[in-house]
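First the structure, in the form of structure tokens, and then the observations on it.
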Amino acid sequence: MGVHDAPAWLVPAFTRNVLEAGGTAPAEDIRRTADDLLERWTRPDRHFHNLRHLVDVLARVDELDEEAHHPELVRLAAWFHGAVFDSADRKAYANRGGEDEAASAVLAREQLMALGVPERHAQRVADLVSALVRHSPDPTDIDCAVLCDADLAMLATEPQRYKAYLNDVRAEYSHLPVEDYVRARVRILHKLLARPSLFVSPLAQAWEEPARQNVSAELQRLEKELAKLEAAAAAEPSASGSADADA
């Protein structure tokens, strides 16, 4: 899905949200910023964290927006939350994924203020983006909860779509050796399941059970795969030793 494949409503929606947040820039400047963001979301190294993911997050925000105090700021944060992306090894091994929330937050503040959005609103969007580093929002901060829940909602999709999501995530980190990727993914899944609740906002509670079922099934499969990989690695030295002895 490239920039030209973007749904027709995306740029007008971004423009409306910027204006609702207090932006004063001409419509042309707002559209130019939207186009820049779309170009970021459609770069070829993005297999999951791409335009489809942005649209999905915005759609989930729509499902939860009656709970939000400032839904326009939540939607702007959704636009910026993965704007800066890099699936390089150092980020993957840090278990942060490719989304650079810190850099994306800085970009959000700079670009929104350049569009005339008041500093307090631009900073609030940046803070919402930064909160996605931990995905553990304060339950009293409902806007943050809505954004975090919308971003994690893919965990609760039907099994076939969840499988497609896993294939896309693996494609983003295809440069990682299988065992390294599986180990990192297992750690992430254990952390998710250790949470008292994956979702915080009241309307998102319906996603809790299907998400846990998907995550648990994936963890079970990956732990079996990891055991096989470890067994194969342990067998290699002895096999090599036998070959040397035979020689």
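The values are calculated or read from the model by the stated rules, or taken from the named source; none is laboratory data. Remember, it's a predicted structure, so these values are computed and weren't measured experimentally. In this analysis, Cβ positions are derived from the backbone assuming ideal geometry, glycine residues included, and neighbour counts consider all displayed protein chains.
Pick from T33, T24: which is hydroxyl-bearing (S, T, Y), over 23 Å from L203 (Cα atoms) and either crowded, with 19+ Cβ neighbours inside 10 Å or touching a Lys or Arg at 6+ places or on another chain (Cβ under 6 Å) (or both)? Let's see the steps before the verdict.
Working: T24 fails: either crowded, with 19+ Cβ neighbours inside 10 Å or touching a Lys or Arg at 6+ places or on another chain (Cβ under 6 Å) (or both).
It is T33.
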Legend entry - Test: D65 is in contact with a helix residue (DSSP H, G or I) (Cβ under 7 Å, 6 or more places away or on another chain), modelled with pLDDT under 95 and farther than 18 Å from V106 by Cβ: yes
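What helices (runs of 4 or more DSSP H) completely inside the stretch 104-203 contain at least 2 residues that are of a type in the set (K, R)?
Details: elements: 119-131, 142-152, 159-172, 178-193.
Passing ranges, in order: 119-131, 159-172, 178-193.
I'd like the full set of residues that are assigned to a loop (DSSP other than H, G, I, E, B) and in contact (Cβ under 8 Å) with a residue 60 or more places away in the chain, limited to the stretch 21-49.
Taking the stretch 21-49 and keeping what is assigned to a loop (DSSP other than H, G, I, E, B), we get 21-26, 42-49.
A21, G22, G23, T24, A25, D45, R46, H47, F48, H49, listed by residue number.
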Inset, instruction - Tell me which residues, restricted to the stretch 152-184, are basic (K, R) and more than 21 Å from H81 (Cβ to Cβ). - result: K163, R170, R183
Inset, instruction - Of the numbered conditions (1) within 17 Å of the chain's Cα centre (by Cα); (2) under 19 Å from L147 (Cβ atoms), E172 fails exactly one; give the number of that condition. - result: (2)
Inset, instruction - Inspect all residues belonging to the stretch 206-214 and state whether any of them is farther than 28 Å from E67 by Cβ and either among the β-branched types (V, I, T) or touching a helix residue (DSSP H, G or I) at 6+ places or on another chain (Cβ under 7 Å) (or both). - result: no
Legend entry - Leading residue by the ranking (modelled with the lowest pLDDT) among those in the stretch 75-97 that are surrounded by 18 or more Cβ atoms within 10 Å (Cβ to Cβ) and more than 20 Å from A6 (Cβ to Cβ): A92
Legend entry - Residue in the stretch 163-170 that is under 24 Å from V74 (Cβ atoms), exposed (fewer than 13 other Cβ atoms within 10 Å of the Cβ) and either out of contact with any Lys or Arg (no Cβ under 9 Å at 6 or more places or on another chain) or not acidic (D, E) (or both) present: no
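Of all residues in the stretch 98-123, which are β-branched (V, I, T) and more than 24 Å from the chain's Cα centre (by Cα)?
If the condition is that a residue be β-branched (V, I, T) and more than 24 Å from the chain's Cα centre (by Cα), then V117 is the only one that fits.
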Inset, instruction - Kindly list, by first and then second residue, each pair from a residue in the stretch 122-136 that is free of Cβ contacts under 8 Å to residues at least 40 places away in the same chain and surrounded by fewer than 24 Cβ atoms within 10 Å (Cβ to Cβ) to a residue that is in a loop (DSSP other than H, G, I, E, B) and not polar (S, T, N, Q), limited to pairs with Cβ atoms under 7 Å and residues at least 6 apart or on different chains. - result: A131/P137
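Looking at the structure I just gave you, is E208 exposed (fewer than 13 other Cβ atoms within 10 Å of the Cβ), modelled with pLDDT of 95 or more and either of a type in the set (G, A, S) or under 21 Å from E63 (Cα atoms) (or both)? Steps first, answer last, please.
Values: exposed (fewer than 13 other Cβ atoms within 10 Å of the Cβ): no; modelled with pLDDT of 95 or more: yes; either of a type in the set (G, A, S) or under 21 Å from E63 (Cα atoms) (or both): yes.
For E208, the condition - exposed (fewer than 13 other Cβ atoms within 10 Å of the Cβ), modelled with pLDDT of 95 or more and either of a type in the set (G, A, S) or under 21 Å from E63 (Cα atoms) (or both) - is not met.
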